[in-house]
Amino acid sequence: MAKPQLSYAQLLETNNMLQTNGDECYWLCVTRTVQESKLFPVPSYMLLSYLNCFYRYPGLLAKIEEKMSAEEIGDRMRNMGVKIANPSMGWGLTNFYLLGREWLIAAGLLRPQDAADDVMYVMDFWKRYQLAWHRNDGHLFNKEFDHRGQFLPERQLQVFHADLYDCQTGDELHEAAHQFLAAASQYCFLIACESRLCLHTQGPYKIDDQREMIVRDHFDLSECSLPWLDGVGAEVPYNNLTVTMAVDDCHFHICDDWGSTEAEPEFKADKLSGIGLYTSDMLSEGYIPVGMNSREELTQTFHELAGNIKDATAKLWQRIAGWSRDQMMDAGAITYYACIKDLAHVAGVYDVDDWMKIDHRADRFRPLFNDEYGRDCLGEMVGLISLPQQQISDYSMMMHSNAPKRVYTPIPYDILKTGDYVPSVGDVERGITYLPEKEDRYNTTQGTLTLSEFNRKAADFVPETLQNDRNLLCETWVKFHYDSPQADDLYKVHQKHSRLLKDRGAGLRRADIEKIRSQE
Amino acid sequence: MAKLYVDVDKYGDEHASPVVEAFHSAIRDLVRKRLDESGCGWSEFVFGKSHELITQDDMAAVEQQLLDAGHKFDWSAAISPRERPDAYKASAGTSDEDLKTFCFEHPDAPTAEADGDGRALRGVGDNVAKYPQNVTGTARYVRSSDRVLKWLSDGVPDNTIAVIDDSGGTLTAPILEQFKGVICAGGTVRSHLGILTREYGIPCFMNAKVTGIYEGDTVEMECSAAAKPAEFYQQGKEQTANVWRHGKG
């Protein structure tokens, strides 16, 4: 993929993406949570991560695209639940990078036009990935879809819908699922050093007049790229788990680019009426059912996984409690920075030094990031929007606040005339870590692999959904060709592991799925 | 002295935070100085010589300037004052000894004398989820990993209503499920602690404004009150539930 070239049109588009990302970042940060922890120095590690993103993302994204384009990775992502979902892609990739840039501008270490080629490229990569991943809903990010994310094609949704097991408050499956979800959420927050980066919810999808389905992913649960899970994650048998949930009498009116939801009335346990469980990764043929052969097996699986996860939570917490502040800073900063690492895993070009280290150029600033400066500086950048360069003309009214501010400083257009800018930060440079080196074990759907095996398998892997030009058989094509052998073939790829839909083909509609479910 | 791009700014001048202003001013001074010393132009400096000339030691010196002026930093992560007690304000109310006399004292906590049932109002909080009945238990502060570690080995004492000022979900991660209730002095109903307690079905008040609740007090949470919707924060609407202390008058 050729990198975008500097032109007026390109700058207009890039600056538009800076503005819309800034608008949404502000809304998310102000309305969706308050980030704090007595365990981790959260705002401080965030600042360190942003700088690492600024110095390293352009080079690493280019390295990935030498093997696989952003849009192909986005296409693959519609058929698996790995970490390059939200919040990593809808928010993290762009905003972490741009916040690093904004900090350097505030410190006088960067002009808004410096690294212009990098900024154009990072935003362009993001755009192409997002458009491919969001191809079925046709939006650039959930914000543009009024906070909704409908990534999955009908053929996958039918499988998820059909294979749900009904449950209700008080029955054993409901209780087991509920306990699993609570334990898994808690484990995910701990793995991700207090952040939401290991959790993603997409949807809603309409099942019938009274019910919606949401799909919740849990990432990096086992021994994976994160060195702090070496050993403690070994007993968790799946690295990624996707839970499908049918919900009664409850409309999810927000499903945002952080992968979190709001429902009206509130989604509580008693609303859960159907459940399913899957795993997937960059080496799997889509979503593989976990414990889905019977209701009893699924109940037992939830019990066992909750037990594994609670044990891992206790062990990981004890490990973290023994860390130095620098180790906590590294783990948190790496969690944020490497939220997009699965792009490299999909392309088969993952390198530990690329993703698990702090670049020496970013590490220079570590002594600044005490708790008070971290809190105040992050608050200024994303909440108060009070850095001097974020103030704009008094006539302006920022989205959501009406104040004369903007989160991200645009690239000035005068560089088209003067040429006075430095295009790029250059290649990835040496990195450091205070954490133990990553052990060479990666739990995948193809078993526990060394990194070289993992990279080789990933580089060679072409999922069936992308073979024989199937990727171009989109939902619009299906609409007008559902009665063709090609459409049947396409649907059967997704139905391969389905309990109720195996080999049923392309002719079914949503009401048919309910009939099939009622006959089980 | 070299002039930086951001030295001319029509609309922006100072930062909101004095610490951020102090740090950024010092860094900009340093950049001007190093740029002058480098003898090169900005284009060679920005992604070239500055990487060697602006060092980690320089940044440590920026922080030291503020410490030398007598400033002590606020802390949020317990590890920070533990590693650098000279750089941070004292972390009161975290050790078992401190907790014998410590309590949260929110200036806006509503209070009232004991009612006919011996319940004295000691504050309010944002109810995360509504439950059929109020919950009563023993208040115990959780403000350090030492206490979590102890209870992880020994078990959480029965009937504990955890009083916390960390709205995150990690400090109490391995023991959260064992709490009877949680009163958190920070965050919102959508903070990670709020999300987790709701998933576990544990009554929880976030953003609690409480005062005069000591270690070992019997407290009652009005978790039968309406839950606060998340949109109320953006709309500036208040909706709280009460916290009572029993038996002390």
Query raised in the report: Taking each residue of B:192-201 in turn, how many C-beta atoms of other protein chains fall within 10 Å of its C-beta, and what is the average?
Result: 6
Report summary line: Nearest 10, in degrees from 0 to 90: the angle of helix B:18-38 to the longest Cα principal axis of chain B is 20
Query raised in the report: On average, how many beta carbons from a partner chain sit within 10 Å of the beta carbon of a residue in B:172-179?
Result: 5
Requested in this report: Compute the long axis of helix A:451-460 from its Cα atoms, compare it with the longest principal axis of the Cα atoms of chain A, and write down the angle in degrees, 0 to 90, nearest 10.
Outcome: 70
Query raised in the report: Along each of its three principal axes, how wide is the spread of alpha-carbon positions in the range B:103-246, in whole angstrom units, largest first?
Result: 39, 35, 30
Report task. Please report A:Lys341, B:Lys100 as a ranked list, fewest other C-beta atoms within 10 angstrom at the top and most at the bottom. Result -> B:Lys100, A:Lys341
Report task. Could you work out how far the C-alpha centroid of the range A:355-385 sits from that of the range A:246-303, in angstrom? Result -> 36
Report summary line: For the range B:103-246, averaging the sequence separation of alpha carbon pairs under 8 Å that lie six or more residues apart and dividing by its residue count, the contact order in percent is 37
Query - Residue-averaged 222 nm ellipticity for chain A, from DSSP H runs of 4+ at -39500 (n - 2.57), nearest 500 - result: -13500 deg cm²/dmol
Report task. Write out the cysteines belonging to chain A for which the nearest other cysteine Cβ is not under 4.7 Å, or none if no such cysteine exists. Result -> A:Cys25, A:Cys29, A:Cys53, A:Cys167, A:Cys193, A:Cys224, A:Cys250, A:Cys255, A:Cys339, A:Cys377, A:Cys474
Query raised in the report: In the range A:145-210, how does Rg compare with the Kirkwood Rh, expressed as the Rg/Rh ratio over alpha carbon atoms?
Result: 1.03
Requested in this report: Please get the size of the charge dipole for the range A:285-429, origin at its Cα centre, with Cβ charges of +1 on Lys and Arg and -1 on Asp and Glu, quoted in debye to the nearest 20.
Outcome: 380
Query raised in the report: Pairs A:Lys3/A:Lys63; A:Lys3/B:Lys10; A:Lys315/B:Lys89: which are spaced more than 24 Å apart, C-alpha to C-alpha?
Result: A:Lys3/B:Lys10; A:Lys315/B:Lys89
Report summary line: From fewest to most C-beta neighbours within 10 Å, the residues A:Ile275, A:Ile320 line up as A:Ile320, A:Ile275
**Report entry** Estimated translational D of the protein assembly as shown in µm²/s (Stokes, Kirkwood radius over Cα pairs; 20 °C; 1.002 mPa s)
**Finding:** 79
Query raised in the report: Whole-Hz Karplus ³J(HN,Hα) for the range A:248-264, in order, using 6.51 cos²θ - 1.76 cosθ + 1.60 and θ = phi - 60°, x for Gly and Pro?
Result: 8, 6, 7, 9, 7, 8, 9, 9, 9, 6, 8, x, 10, 10, 9, 10, 10
Query raised in the report: Based on the alpha carbon coordinates of the range A:443-487, what radius of gyration and maximum Cα-Cα distance (Dmax) apply, in Å?
Result: 15.9, 45
Query - Sequence ranges A:286-292, A:114-120, A:514-520, ranked by mean other-Cβ count within 10 angstrom, highest first - result: A:114-120, A:286-292, A:514-520
Report task. Report, by chain and number, residues whose modeled amide H sits under 5 Å from the one on A:Asp359, excluding near sequence neighbours (fewer than 5 apart, same chain). Result -> A:Ile432
Report summary line: Helix A:42-67: inclination vs chain A longest Cα principal axis, degrees, rounded to 10, gives 70
Report task. Could you sort B:152-163, A:359-370 so that the peptide with the highest average Cβ count within 10 Å comes first and the rest follow in order? Result -> A:359-370, B:152-163
Requested in this report: Please quote Rg/Rh for the range B:5-71 to two decimal places, taking the Kirkwood radius as Rh and restricting both calculations to Cα atoms.
Outcome: 1.01
Query raised in the report: In terms of modelled amide H atoms, which long-range or inter-chain residues lie less than 5 Å from the amide H of A:Gly149?
Result: A:Gly203
**Report entry** Loop GluC sites (Glu not before Pro), the range A:358-453, which have at most 16 other Cβ atoms in a 10 Å radius of their Cβ (DSSP)
**Finding:** A:Glu429, A:Glu437, A:Glu439
Report task. Give a quick list of trypsin sites (Lys or Arg not before Pro) in the range A:408-508 that DSSP marks as loop, anything other than H, G, I, E or B, with at most 12 other Cβ atoms within 10 Å. Result -> A:Arg430, A:Lys502
Query raised in the report: Across peptide A:185-193, what mean number of C-beta atoms from other chains lies inside 10 Å of a residue's C-beta?
Result: 5
Query raised in the report: So which lysines pass the test for B:Lys100, namely a Cα distance under 20 Å, with those fewer than 8 places away in the same chain ruled out?
Result: B:Lys150, B:Lys248
Query raised in the report: Can you pull the percent of Cα pairs in the range A:43-92 with separation above 14 Å?
Result: 65
Query raised in the report: Taking H as built 1.01 Å from N, whose amide H comes closer than 5 Å to the amide H of A:Thr409, not counting residues under 5 places away?
Result: none
Query raised in the report: In debye to the nearest 20, how big a dipole does the range B:5-71 give about its Cα centre with +1 on each Lys and Arg Cβ and -1 on each Asp and Glu Cβ?
Result: 160
Query raised in the report: When we measure straight from the Cα of B:Lys3, which aspartates and glutamates land under 17 angstrom away, once same-chain ones fewer than 8 places off are left out?
Result: A:Asp114, A:Asp420, B:Asp13, B:Asp29, B:Asp36, B:Glu37, B:Glu44
**Report entry** the range A:84-158-the range A:180-211 distance, computed between alpha-carbon centres (Å)
**Finding:** 20
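Read the figures in this text as sums done on the coordinates, not as results from a lab. This is a predicted model, so every value here is computed, not measured. When we count neighbours, we look across all protein chains shown, and the Cβ atoms used for this are built from the backbone with ideal geometry, even at glycine.
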